[in-house]
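Reading through the C-alpha cells given below for one structure.
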Amino acid sequence: MKQFPTSAEVDFVVIGSGAGGGIMAKQLSMAGFSVVVLEQGGWGKYGREQEYNKDEWLNLNLSDDDRLMSDPSRQRNTFRRNDQAKAVPGTHSYGCVVGGGTVTYGSSSWRHLPYEFREASLDPTIPSGTGMADWPITYEELEPYYSQAEWEMGISGLRVNSPFVAPMSKEYPLPPVPLKSSGALLHAAAAKLGLTAVPGPLAILTKPYMGRAACVNCGICSGYGCQVRARSSSAVTMLPLAVNTGRCEIRAKSYVREISADKSGRVTGVIYFDAQKREVRQRAKAVVLSANGSESARLLLLSKSARFPDGLANSSGLVGRYLMTGNGATANALFEHPLNEYKGVISGAAVVDYVPSDAKRGFYGGGRMTARGYQTPLDLGLNGLSPGAPRWGAGYKKALREESNHRMTITCFVTQMPLETNRVDLDPDVKDDWGLPAMRITSTSHPDDIKNMEFFRKKSIEILEAAGAKKVWAPPVSDTRGGAHNRGTCRMGNDPKTSVVDKYHRAHDVPNLFIVDGSVLVTGGRNHPTMTIQALAFRAAEHIAQAAKKGTLRTSP
Amino acid sequence: MSTKRRSRRRFLVDSVTGLNAAWIAANYHGILAAQEHVRQATQAGNLPQLAFFTVAQAAEIEAMTAQIIPTDESPGAREARCVYFIDRALSTFARGSQPAYIQGLRELETQTQQLYPDAGKFSALTSAQQVETLTRIEKTPFFNLVRTHTVIGFLARPVHGGNYNKIGWELIGYDDSLNHKPPFGYYDAQKENLP
C-alpha cells in the first residue's frame, strides 16, 4: 500500500471508510487523486476474511484489533430525552473497523422511493412543526447512481413492478437470496391478506461476482464479518480497488479530533490521534467527511476556531440537528414445524404495502416489514425463549428443544421524522477515552412516530397469525436511544440558512469540505439508509472529481 | 480484568447483542487461554483436569448445572461438561467471578443445611430436594451467574470446554456446518403447498 509522508499535502483526506468513505476513496483515487483514508477503527480481518468464524462466544469478546463495533465505554456517549433532562451514559454504537458498518450490517439495500425525496410537499399527512423538508435533488437525478452502486458493490435482488418499491432502470446484477422458511410464511400470509411480499435487496452475493464467492448460507451473518467475502462491504469491494491504484493509503486506528481551517475559511487538513494516541497532522487540499450520521456532526462541532466559533460549517446552527436514530417494531411467533432460520442470510422477504403513509391511519408514518427469525445459540439459550418459558430445569430444557428453530420474527423498519430538537452535540461534562467531549444524544420521537411503531407492531401480529403461528408475542414499542442508522445531522439543501451542505455535498460555509454519509440525508426514508448513502457517494465523487480537475476545489462552485 | 475494562465489555455486549448480562463479559485473550487449557487437558486423558475448583466444589457446581439443564432422555449440562467450561472460565477470562463462586458455594451450603440438616452437601440431595433448594435461591446473583455460565458452556463452541460432543447443539437442532443449501426448513420446502 502506498504510504504518504505526513509532511506532504495530499489531494484528499477521507475521514471514515464505511458506506460513504469507501466509495469516495475508490472513486477519487481511480480519478487520479492522492487519498489518505483515516479510519477510527482497526483493520479487523481486512484481507484475511477467511479468519472470521462462526464462534459466537469469541465474537462477543473480540480483541481490540479485531473488534468491529465502537465501544461506548471508550467512544463514550451520553443520552437524554430532552434539554431539561440530565444526560446519562449512553449505549450508542456503530461500525468501527476498516469498512465501517458495512462489514457487519444486515445488508439490506433498499432504495428510497421517488416520493421520499419530496414527501414534505407531497404528503398531506405530515404534521406541522417537524423538520420534514424536500431534498434538493430528485429520485430521477439519483437513479443512475443507485444502479451504479448496485452493480459496483454487488447487490442481489429482484426488480419488481410495484408502487411500493422504487422503479429501477436496470436489473440487479445478482438474483435474490433463496427463500427461507420465514420468507415462505410471510409470502403465504401476504397472499391471504392481500398484501405484497417481495424479496429484499441485499449486499450479499448469490453468485460469484467480481472475484468474490457467493454466500454459502452459513447463517451467522449480521454482526459478524463474512469469511467468504460474500457480503459486499466497503472492505472487500471499494477499498481494495482504491489501494490498488497506488494512490490511496488507509490508516487504521486514526481518530480525527479536528478538521483544521485557515483564516480564509478553507480547510487545510486534519489532526488525528494515531494508535498510540500521538497527535498527527495530515495536510490536504480538501477533506471528505464520512464519519457517519452522528460522528461527522460531532467532529464539526469539535473543530472550533476563531473563524468558526460554533464549529466548522455551522453558520446555520444546524450541525448535529434533525438527528434521526432509527425506530422499529417487532413481533415473534412459534410455528409447528422447524424453520431452521439459522441457515442463510438474516433478512430476506419483506411486506411493502405500508411503506407509504396513509391519511386513513390518522398519523404520518410508513415502513417495511421484514421476515427474520435467526437466533444464535447463546442468544436463544440466555434470553431468547418465549415469554413465560422457564429459565432453568426440565421445563427450560423442554422449551429449548421445542422452540429452537421454530421461531419467526417480523422486524419493521419505520419512519422517524427529523425534529430540530433531536440532535448530537458535545457533552459538557463527559469526555471520551481521548479526552475529547463525548457525544451527547438528545432524542424524543414525534408522537406520530410512536403511533406508527404501534401500527407496525399490530400489523406484524396480524401477519404472523395469518401465517398460522401457534403462539405470538410482541414487545411493547419503545423510543430509540441511538444506534447504527443515525442520519440527518448535516442536512443537504439549497439554502445555507436551513442546511449544512449543498446538493453536491459541499459545505455551504467551506468550499473544500465535503460531507458524504448518512448525516446529509434530509429525511430518513424507512430506516434503510445504506443504499442511498452509497448512491449519493457515487454521485458526489463524480462532482468532486470534476471540481478538482477544474481547479475549483477551494473556491465556490 | 480491571473494573473499567469489565464495564467496557458489558457495554459492548449489551449494545451489540442485546444480551443483558454483565457476567458474560470476558476478554479475547482470556478466552484463547481457556481454549488452550482445554486442549492440553483433554490431551492428557479422558476428562480434563480441574484448574480452579476442588473436586468437592466441582461436584456441587456440577450438580447445580445438572439441575439447570437436566439429563432426561437426552444428555444435559453434566454430559456437556459445563462444569469444566466454568472451571476454565474462572481460571482465565472470568477470574473476576471467583469470589462470587466461593461466596455462592457457601450460601448453597447454608441453604442446603437449613432445608435438609442431615444431608451435608447439595450434591448428595435427591433430585427433588435439589430442585427445592435451587428454587429458594433462583433469584440470587449467584444462581443467575451459574445459570448464565451453564448456558454458555452448553451452547458455545466445544473448543471453549463445554458443549462436549456438540450435545448442546444437538438439543437445539443446530448444525454448525459452514455451508447450507436450501430448502432450509419445513416451510420453504413446502412453499408450493402453503395457504
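Side notes on the structure shown:
- The residues packed around A:Ser147, meaning those with a beta-carbon under 14 Å from its beta-carbon, carry a net charge of -3 if Lys and Arg are +1 and Asp and Glu are -1.
- Residue order for A:Met1, A:Met168, A:Met24, fewest other beta carbons within 10 angstrom first, comes to A:Met1, A:Met168, A:Met24.
- Efficiency of FRET between A:Glu402 and A:Glu542 - r from beta-carbon atoms, R0 60 angstrom, step 0.05: 0.60
- Full extension of the chain between A:Lys170 and A:Ala120 yields a length gain of 15.2 nm, computed as 0.36 nm times the residue separation minus the alpha carbon distance.
- Shielding of B:168-176 by partner chains, average beta-carbon count, 10 Å: 6
- Annotation note: trypsin sites (Lys or Arg not before Pro) in the range A:142-194 located in DSSP loop regions with a Cβ neighbour count of at most 16 within 10 Å are A:Arg159, A:Lys170.
- Where labels lie 7 Å past Cα in the beta-carbon direction, separation of B:Glu132 and A:Thr6 in nm: 7.0
- Segment A:Ala389..A:Met210, full-extension length gain: 59.7 nm, with 0.36 nm per residue of separation and the alpha-carbon distance subtracted.
- Measuring between alpha carbons in the structure, the pairs from A:Lys207/B:Lys181; A:Lys170/B:Lys181; A:Lys398/A:Lys471; A:Lys360/A:Lys459; A:Lys253/A:Lys277; A:Lys471/B:Lys139 lying more than 18 angstrom apart are A:Lys170/B:Lys181; A:Lys471/B:Lys139.
- Near A:Ile23: Cβ cut-off under 15 Å, other residues only, Lys/Arg at +1 and Asp/Glu at -1. The net charge is -3.
- Estimated from helical segments only, the mean residue ellipticity of the protein assembly as shown at 222 nm is -9500 deg cm²/dmol, where each DSSP H run of four or more residues counts as -39500 (n - 2.57).
- Across the range A:265-287, the residues whose backbone nitrogen lies under 20 Å from the label position 7 Å along the beta-carbon direction of A:Arg554 are A:265-271, A:281-287.
- In a simple Cβ point-charge model (Lys, Arg +1; Asp, Glu -1; nothing else charged), the protein assembly as shown has a dipole of about 1160 debye relative to its Cα centre.
- Mean partner shielding of peptide A:58-66, defined as the number of other chain Cβ atoms within 10 Å of each residue Cβ, is 6.
- Proxy reagent accessibility, fewest Cβ within 10 Å first, across A:Asp134, A:Asp517: A:Asp134, A:Asp517
- Shielding of peptide B:66-76 by partners, expressed as the average count of other chain Cβ atoms within 10 Å per residue Cβ, is 3.
- Exposure proxy order (Cβ contacts within 10 Å, fewest to most) of A:Lys86, A:Lys304, A:Lys470: A:Lys86, A:Lys470, A:Lys304
- Gain on full stretching of the segment that runs from A:Trp434 to A:Lys471 - 0.36 nm per residue minus C-alpha separation: 8.4 nm
- Computed label-point distance, nm, for sites A:Thr498 and B:Gln57 using a 7 Å Cα→Cβ extension: 6.8
- Per principal axis, descending, Cα span of the protein assembly as shown in whole Å: 89, 61, 54
- Here's the picture: a label point sits 7 Å out from the Cα of B:Arg106 along the beta-carbon direction, and within the range B:50-67 nothing has its amide nitrogen under 11 Å of it.
- Prolate/oblate/rounded label for the range A:135-208 (Cα gyration tensor, a/c 1.5): oblate
- Nearest-ten-degree value, helix A:139-153 long axis tilted from longest Cα axis of chain A: 80
- Rough spin-label spacing in nm, given labels placed 7 Å along Cα→Cβ, for A:Gln84 and A:Thr421: 0.9
- Mean separation of Cα contacts under 8 Å (6+ apart) over length of the range A:370-411, as relative contact order %: 63
A short reminder: the numbers here are calculations on the coordinates, not readings from a lab. Owing to the predicted nature of the structure, the values given are computational and were not obtained by experimental measurement. We place every Cβ from the backbone using ideal geometry, glycine too, and count neighbours over all the protein chains shown.
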